[in-house]
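Derivation of every value follows stated rules applied to the coordinates shown; laboratory data play no part. Predicted model, so just to flag it, every value in this text is computed and none were measured. Every residue, glycine among them, receives a Cβ derived from its backbone with ideal geometry; neighbour counts consider all protein chains shown.
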Amino acid sequence: MDTQKTHSEIAMDLFKQGYNCSQSVFLAFCDEYEMDRETAAKLSSSFGGGMGRLREVCGAVTGMFMVAGMVYGYTEPKDQISKTKHYERIQLLARKFEESNRSIICRELLGLGQGKDSPVPELRTAEYYKKRPCVELVGMAADIMEKYILENQKR
């Protein structure tokens, strides 16, 4: 991580460069897990726009969950204790995001109607940034994750 910037600032910068919300959060934490940037970008690419612009779970939240999985996730399918602890962690992260935003659902955060959106992403113009809170949501998800990591040092 750039020592001058927080994960939140890095995530917001990545979003402004054109990465989707999930990629922005996930890539901002590449220093926390062992994965090259190209693989991380590909892995998280499907989750922007609330899962491929389906407007379901916010991509910034999904990116945060993916970081949590890479840093704290379980690998043994029958390890009920680890699985339970991880799901508790994910629910805590979701709750922290919801406390500030009332929802983790993309369409609700953006004030959109029900249903999926066009698969064509909007161009990132000045107007786009004025009407969409996505930069701030990306920054908030990264900040929540960064604080969680600092409070729960695993290494």
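Data table
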| quantity | calculated |
| --- | --- |
| Amide hydrogen neighbours beyond the local backbone of Val57, cut-off 5 Å, H modeled | Cys106 |
| Given charges at Cβ of Lys, Arg, Asp, Glu: the chain dipole, positive-most of His7, Leu109, Gln80 | Leu109 |
| Projected-area average for the chain over all orientations - Cα convex hull basis, square nanometres | 9.8 nm² |
| Computed over the chain: relative contact order in percent, which uses C-alpha pairs under 8 Å that are six or more apart | 31 percent |
| Distance (nanometres) between label positions extended 7 Å along Cα→Cβ at Glu76 and Glu122 | 4.7 nm |
| Charge context of Glu108, other residues only, Cβ under 9 angstrom, K/R +1, D/E -1 | +3 |
